[in-house]
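For reference, the structure is listed below as structure tokens.
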Amino acid sequence: MTRIDGRAPDELRNLVIRPNYLAHPLASVLIECGGTKVICAVSVEAKVPPWMKAQKVPGGWVTCEYGMLPASTHERMRREASSGKQGGRTMEIQRLIGRSLRAVVDLNELGENTASVDCDVIDADGGTRTASITGSAVALALACRSDWGRKHFAGCPLRENVAAVSVGIVGGVPMLDLCYEEDSKAEVDMNVVMTESGKLVEVQGTAEGAPFSRAQLNELIDLAEHGLKKIFRIQNEIVDSVTAPLTAAEATGDLFGEFQL
């Protein structure tokens, strides 16, 4: 089955990650997944949330803010800041991004620091949350490998890599990395967050019409893993091309080493 953009059902959209996109944060990237473009930036403050102080929780914290520019969608969106509150979708997505990153971070090695990740969607064509997770993981890796990160973090806080991709069933056919038009008419829509070692962080799956079977669920997760292996390779190549290799004392496992499909 030929898709609207000419891809095969198991083919990713064109993925481009541009490191050091912004001048001021500790690390940043612009990630482009087809027509979706997201700026992901990491800033670090030498403090932890008040609840961690009150409960005497050791280590640091990773948090995220997510937003969409008014002109990022087909019809102009109103800025959430102008309404004085965030919508439920925005809060759900930024919590998902935060959970995904914390799943692969050793918070103790952050020290008493908070890494704040800002994800700003500048162009949306489906998969903004998955692109945000994938881009944020690269930005966080760059932050950890920066001169500041090597000096202030106890080793490399990232235990392993993480990324996300959408899958779905469109016209009865399982498809990888849905664009907006495919997502809007999918019978099943699913987002899969996975670590590079193949462990699942989160699976968000919804039947828009008839319920789907356990066999279809397994097929979609396998399809997502197929795409994520390619995404991990791109993430690793970007990080390795920008930063010097970790020393043996800094490295944990084989994070961001060579990756062969």
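Could you tell me whether the range 138-157 includes any residue that is touching a Phe, Trp or Tyr at 6+ places or on another chain (Cβ under 9 Å) and among the polar types (S, T, N, Q)? Within the range 138-157 (the criterion being touching a Phe, Trp or Tyr at 6+ places or on another chain (Cβ under 9 Å) and among the polar types (S, T, N, Q)), the answer is no, since none of the residues qualifies. Checking each residue of the range 74-91 against the condition of being crowded, with 17+ Cβ neighbours inside 10 Å and under 21 Å from the mean Cα position of the chain (by Cα) gives no match. Test S146 against the criterion of being farther than 18 Å from G35 by Cα and of a type in the set (G, A, S), and give yes or no. Against the criterion (farther than 18 Å from G35 by Cα and of a type in the set (G, A, S)), S146 qualifies. When the range 34-62 is limited to residues that are of a type in the set (A, V, I, L, M) and assigned to a strand (DSSP E or B), the one that is surrounded by the most Cβ atoms within 10 Å (Cβ to Cβ) turns out to be V38. With respect to the conditions (1) in contact with a strand residue (DSSP E or B) (Cβ under 6 Å, 6 or more places away or on another chain); (2) farther than 27 Å from F153 by Cα; (3) not aliphatic (A, V, I, L, M), Y66 falls short on a single one, namely (2). Among the strands (runs of 3 or more DSSP E) confined to the range 152-222, the ones with at least 1 residues that are free of Cβ contacts under 8 Å to residues at least 24 places away in the same chain and surrounded by fewer than 17 Cβ atoms within 10 Å (Cβ to Cβ) are located at 200-207. When the range 72-124 is filtered for residues that are among the small types (G, A, S) and modelled with pLDDT of 85 or more, the ones remaining, listed by number, are S72, G88, G98, S100, A103, G111, A115, S116, A124.
In this structure, I133 does not qualify as surrounded by fewer than 17 Cβ atoms within 10 Å (Cβ to Cβ) and either β-branched (V, I, T) or in contact with a Phe, Trp or Tyr (Cβ under 6 Å, 6 or more places away or on another chain) (or both).
Residue selection: N20 satisfies the criterion of being among the polar types (S, T, N, Q) and under 21 Å from W148 (Cβ atoms).
Pairs meeting the criteria (first residue in the range 107-121 and in contact (Cβ under 8 Å) with a residue 24 or more places away in the chain and farther than 8 Å from W61 by Cβ, second residue among the acidic types (D, E) and part of a strand (DSSP E or B), beta carbons under 6 Å, at least 6 apart or on different chains) are D118/E65. Residues in the range 184-227 that are polar (S, T, N, Q) and touching a Ser or Thr at 6+ places or on another chain (Cβ under 8 Å): how many? Residues in the range 184-227 being polar (S, T, N, Q) and touching a Ser or Thr at 6+ places or on another chain (Cβ under 8 Å): 1 in total. The sole residue among V170, V138 that is within 18 Å of E11 (Cβ to Cβ), out of contact with any His (no Cβ under 7 Å at 6 or more places or on another chain) and of a type outside the set (S, T, N, Q) is V170. Looking only at the range 16-33, residues that are of a type in the set (S, T, Y) and either out of contact with any Cys (no Cβ under 8 Å at 6 or more places or on another chain) or surrounded by fewer than 21 Cβ atoms within 10 Å (Cβ to Cβ) (or both) come to 1 in all. Every condition in (1) within 20 Å of L101 (Cα to Cα); (2) touching a residue at least 40 places away in the same chain (Cβ under 8 Å) holds for G35 except the one numbered (1).
The values are calculated or read from the model by the stated rules, or taken from the named source; none is laboratory data. Everything numeric here is computed off the predicted structure, so don't read it as measured data. Ideal geometry is used to build each Cβ from the backbone, glycine not excepted, and the neighbour counts take in all protein chains shown.
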